[in-house]
Each structure stands twice: as C-alpha cells, then as structure tokens.
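For reference, the structure discussed in these notes is given below.
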Amino acid sequence: MDQQPKRPGFLSLPAMLHENAYILFVFFSCCDIVLTWVILRKGGTEANPVAAVVIRDWGLPGAVGFKFSLTLFVIVLCEVISRFRPRTGRALAITSVLISASPVVWSGVLLARHAIDRAEAAPSLELGAAEPRERRSQPNIVVILADDLGWGELSCQGQRRFSTPAIDALASTGVRCTQGYAGSTVCAPSRCALLTGLHMGHADVRDNVERPNPSQGEFGGEAPLAASAETLGERLQRAGYETAFVGKWGLGITGSEGDPLTQGFDRFYGYLCQRHAHNLYPTHLIRDRERVELPGNDPASRSESLYAPDLMADEAESFIMAPRDIPFLLVFASPLPHLALQAPAEAVARHAVADDPAYPGGKGYLPCTAPRATYAAMVTRLDDHVARLDQALRRSGQWERTIVVFTSDNGSTFAIGGYDPAWFDGTGGLRGHKTNLHEGGIRVPWILRWPGVVPEGTVLDMPVTGWDLVPTLCAAAGVAPDGGSVDGIDLRPWLASAGRPDAPPPPERELYWEFAGSGGQRAMRLGAWKALQKGVRKDPDAPIALYDLATDPTESTDVSSHHAALVSELRQRMMRARMTARDPTCDLPWGESAHH
Ligand SMILES: [Ca+2]
C-alpha cells in the first residue's frame, strides 16, 4: 500500500468526502438526532420520522446511542468491503455521508421555517383572543372521560381481574394523580363540573334530573346546562380551537339550553340523554342535531349488531385524523363501563371465567349470561379505545403536541344491574360507591400526559379534581379562565414538577361536594381532613363525620368527637362554599341561607 503524500490545494469533492467520510458521517448522524429532538421539543410535528420514533421510545441518550451504534456498524462494513473492493467501499462511504446529511439539511430547513413562523406569529399573540386561530404553539387537548370507572379499575391502580395496558401506558408517559376526584358522585353533575370548572356548591347541574319530553320521543334528556354556563368548549373555541364532544352528554338535548352545539362544541356524536345510554346497542345515536339510525340493533328482540362505544371510538379517531391547521379539543366521554352489561360476544369470550353466575335482569337492567366476563370486556374495550386514540395521535403526527387527560365521572358503582363489586373491588378498597360522597363515590382515576411539559411516569399524590381541568387546560391553551369564574385551580405548576425535589408544596384549599340524592349529602376535604354529612334532606343539622385520610384512607373511623372545633369550622366552610342551586329539585335545604 503505497500512500501518496497529500497534495496541497483543493481536493475534488468525492476525494474530500472520502478523506473525511467517517468524521462527516458521525457528525451528520448525531446532528440528525439532536435536530430532530430540538424540533420535537419545540412542538414541531414534521421531523425525520425514524429519528422521532427512536427518540420517543428510547429518549435522547438512547437515541444517540442507537445512532452511534448504527454509524459504527456502517463504518466497519465500509472498512471490510474496502479490504476486498476498494472502489465499492469508497462509494459506500460517500453514499453514507450523503444519506446521513439529507435529513440534517431537511431538519435545518424545518427549524428555519419554525423560527420564521414564530417571528410572524409573535405580533398576533399580543392581540390576545382577537386572531388566535393561527397560534401553532397551542396544544391539542383530548379529555377521555370514562363512565362509572372506579379508582381501583386500572391495572396501574391494583386491578387484578383484567388489565388496562393502554391506560397504564398513558400513566407511564405522563403523571398519575392518585388522589383525583370527580366533581360529583353521579353522571350529569360530574360532567357539569368538568366542563364548567365549578364545584357542586356553585354548579348549575347538581343531580341527574330527567326531563320527560314527549315531543322528543322516549329520551327527553336531563336538566340542561344553563345558557349562561361557560364551558371548556366555549372557552377553547374562542381561543381558536376546533371542538368536538363524542360520547354521553347528559346536560340537555337538542334545542334546550344545554344543546352541546350551543355549549361550545362544533360537533357532537353520541347519546344526548343518559337513559338512552343505558343500552349500548341502541336503535340510533345523535350526530350534531340529527338522528343516525343504527340498522341491526333492536332492543326489543335483543338484536345487537353495532356497538355504540365502538362507533364513538371510530368518530373520535376520525376527528383526530382530520386535516386541520388549528388546534383541537376532543372530549371523548365513553359510556363505558356504565351498565347495562353489554359487550361484543368475542370480547366477552376472551374474559370468560369459570365462576360467573348469570344475572337475570330487572329494575330496568338487561339480563346477562356472564356478568363478570362482560364487565371485564367493557373496561378492556375502553382501554382498547384509549389505545386507538393514542395511535391516531401518533399517525397524525399530533402525539407530541397533544395533552391527554384520562379520568372518570364518578366512582365505581354498587351491586346493581349484574355488576359485582366484591369480585372487582372497583373502588380499590375505598369506602362507599357511586351515589354517595365517601371516597369510593368520588375518588377516580386521574391521569394527564403532556409531552415535554409533564415528567413521564410520575405519580402525584396531592388532591386534584375534575373542576381543575377548565383552568388548567385553558392556561395550557394560553387563555385566562376569566379570574374568579371557576372554582378549580391551574394545576400546571404541580403537574410540571411532579416527582421533582423542587416541586412546590400542595396548595392549601378546600374541596366541596354536595349531592341532593341518597338522602342529601355534602362533604369537604381540607388537607387530609374529610368532613361528611349525610341525611341532610331530613335534618339540615345532621351530625358531621370527620375522617383523617392521611391515616385512615378508607374512612373507617369517625373522629369528629375528638375535633369539635374543626368540625364546627368545616360546617361553616361548607355553608360558605355553596349557593342556592338554580334547579330547586337538586338543591339542599339551606338554599335561603346561601351567602352568594
Ligand atoms: Ca357515571
């Protein structure tokens, strides 16, 4: 091997590339990973897709390691080939340089374009809400609201009868709040709290109140949300979002004040009336304001062809995939796993258990031959739908710029309709269930993923609520939730620092619930203290039980007799936390003494 001494002056381009091939190759390879990472961090979605997937799955150090190993492999390959066929080896080395350079050039162009976009968008940010539809930095928001899913009905929270891998994966890529609360212990008021940011002391809708309406057929809907209510949909619409509500609404039917299309949602698909949702194979659903027939479904003959929760997942998926250049809000309020016990036969078969006594039906609920298998099939179907929405976010390139929330409208239900609370331990050992204000009725799964903002796989154990979502998500979208008009708080400081030693201490605040059903109940949480007063319809001065959730999370011991002053203070705080309900049928007996 007689090496020519290097000539001074210029080399030809191929010779220059060949001389420096390996250095350039390693340099471009590392640049590719780093630039792709920067683009993703800045919320960009157009990036080298291969590098993006590697970074997403393995993190930045893993991705650099992977790229470095790959580069080393190609270099060794070039060297080996050069031993036998020098020209081929040289051509391969030069080709590798050119191939590794191309995504770097592209990433550079994308970053430059991003910088130009930001510079152009900057003046419009100062205009406030006037021209917000072009703000590309606003995250998309997907709120997944399960129906009657208890705290203990996720594998990541101890469930053993079935598994929920997709919801667990959401938790492992975001923050899992172990002390998440629903706004209410039943469906409609909880949806009201979630959408308005108001707790039950100020909410418009505080119970499931059916509104028979013969002109609307058999499903007249519930007491509607007031026209004056400011929903999450309305707030985000004003901030430039395209909004859709898919699933169970329960806050008023078409033409009422609570019509979803006048309450901030551009599109609606699903059940408007909650009783309509008691059959998961209905004869029809509602799209916007129109009735959509579901041929093959006939409740009279138990003909079950089209499973409404699947149709809703289809709808949600196509909403995510629709091309648009503005951010979106999707509320996916699945009717799962609310009764009746109904699921596709193949899904039930997958969860068959030997000991599964049939449920004969009654009290308005359908019979079920395998109630345990069916309930497991329903929750796992919901988990499948979460997986589908996640895939849709990835396929549409929106994953990195989308906040996903997963929660439930109330705690696990009781022994009704064939559901077996003892078998599933749906509350995860908490006392109570849906329709009361013990922890089992209001403590729910509460998970939030916000790539790049909320640390992955963290656990937050401070109380958070459904009515915190309006201020939190509005703040994320860059809009102020009109100070004082919501009861919830912007949770971003705590979510973003979850698991970090410098996280701020939990806020000192009181959480309030009241419920006109079940004899009338109200409850307040202050720090680890929980006050609970039952039977207030009969006796407004009914005794208040006090629990210390720090030492007694299952509310087993009433310690009120040891803390008379605290109980008295909590009684006054509960009085101050409420105002008279708009609808007298869901008010509690202190309406006249309200302070607001
Ligand atoms: Ca519910």
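Please treat every number below as a calculation from the coordinates, not as lab data. No experiment lies behind these values; they were computed from the predicted model shown. Quick reminder, even Gly has a Cβ in these numbers, built from the backbone with ideal geometry, and neighbours come from all protein chains shown.
Tabulated values for the structure
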item	result
Packing-based order for 548-559, 144-155, using average beta carbon neighbours within 10 Å, highest first	144-155, 548-559
At R0 = 41 Å, FRET efficiency that the Cβ-Cβ distance of Leu70 and Ala15 yields, to 0.05	0.95
Extension gain from Thr551 to Glu456, taking 0.36 nm per residue of separation minus the Cα-Cα distance	31.3 nm
Cα centroid separation, the range 413-480 to the range 309-372 (Å)	19 Å
Alpha carbon Rg of the range 511-593, scaled by the compact-globule rule 2.2 N^0.38 Å	1.07
Under 5 Å, built H, 5+ apart or other chain: amide partners of Val143	Leu330, Val331, Phe332, Val405
Extension reserve of the Ala415-Glu508 stretch, reckoned as 0.36 nm per residue once the Cα distance is removed	29.9 nm
Scattering curve values for the range 147-237, log₁₀ I(q)/I(0), Debye with Cα scatterers, q = 0.12, 0.17, 0.18 Å⁻¹	-0.55, -0.90, -0.94
Virtual spin-label span in nm between Arg500 and Arg395, 7 Å along Cα→Cβ	3.6 nm
Pairwise Lys count, the chain - Cα closer than 19 Å, eight or more residues apart or different chains	4
Inter-centroid distance (Cα atoms) of the range 132-182 relative to the range 503-560, Å	25 Å
Pair Ser301, Val559: separation of 7 Å Cα→Cβ label points (nm)	6.2 nm
Debye-sum result for the range 245-365 in log10 I(q)/I(0), which assumes one identical scatterer on each alpha carbon, at q = 0.19 Å⁻¹	-1.08
Relative contact order (%) - the range 222-346, alpha-carbon pairs under 8 angstrom, separation at least six	27 percent
Label-point separation, Leu261 to Glu293 (7 Å along Cα→Cβ), nm	2.1 nm
Within-15-Å neighbourhood charge of Asn208 [Cβ basis; K, R +1; D, E -1]	-4
Binned Cα-Cα distance frequencies in the range 13-114 - 5 Å width, integer %	2, 14, 22, 21, 16, 12, 8, 4, 1, 0
DSSP H segments from the chain that extend 24 Å or more along their own axis, Cα-based, with Kyte-Doolittle mean of -1.0 or above	21-41, 49-84, 86-126, 371-395
Calculated P(r) tail over 38 Å for the chain, as whole % of Cα pairs	38 percent
Förster-model FRET efficiency, 45 Å R0, Arg85 and Val109, C-beta, rounded to 0.05	0.80
